[in-house]
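Below: the structure, in structure tokens.
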Amino acid sequence: MAYPRRALAMIGEPDEAAILGAEAARVAQTTRSGRTTTVLVDTMRILECWSARPHVRTLRDALIEGRTA
């Protein structure tokens with residue numbers, strides 16, 4: 001589920017990657033999927049250069065929330 005988000009980030013589609021990534025983060029938190037979370041953290045690293053974009057911030061916040069939940 002998370003791999004297409006990483007691909008979108010790598011081809012320069014940060015908003016789409018972040019929107020889908022935030023959705024995947026919610027699912028990963030619910031299912032406690034460490035593998036999905038790891039891929040999303042890698043995706044977030046790729047998206048760092050777009051960190052000021054609202055959707056990228058939402059993904060970052062979702063990942064932080066998942067780690068503290």
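The ranking of V27, V39, V56 from fewest to most other beta carbons within 10 Å of each one's beta carbon is V27, V39, V56. Helical runs assigned H by DSSP (4 residues or longer) give the chain a calculated mean residue ellipticity at 222 nm of -25500 deg cm²/dmol, each run adding -39500 (n - 2.57) before division by the residue total.
Helices that extend 24 Å or more along their long axis by alpha-carbon positions and average at least -0.5 on the Kyte-Doolittle scale are, among the DSSP H runs of the chain, 14-31.
Whole-percent P(r), the chain, all Cα pairs, 10 Å bins from 0: 26, 60, 14, 0. Relative to the Cα centre, the charge distribution of region 3-68, modelled as +1 at Lys and Arg Cβ and -1 at Asp and Glu Cβ, gives a dipole magnitude of about 240 debye.
All of the numbers you see were taken from the coordinates with simple rules; none came from a lab. Everything numeric here is computed off the predicted structure, so don't read it as measured data. Note: ideal-geometry Cβ built from the backbone for every residue, glycine included; neighbour counts use all protein chains shown.
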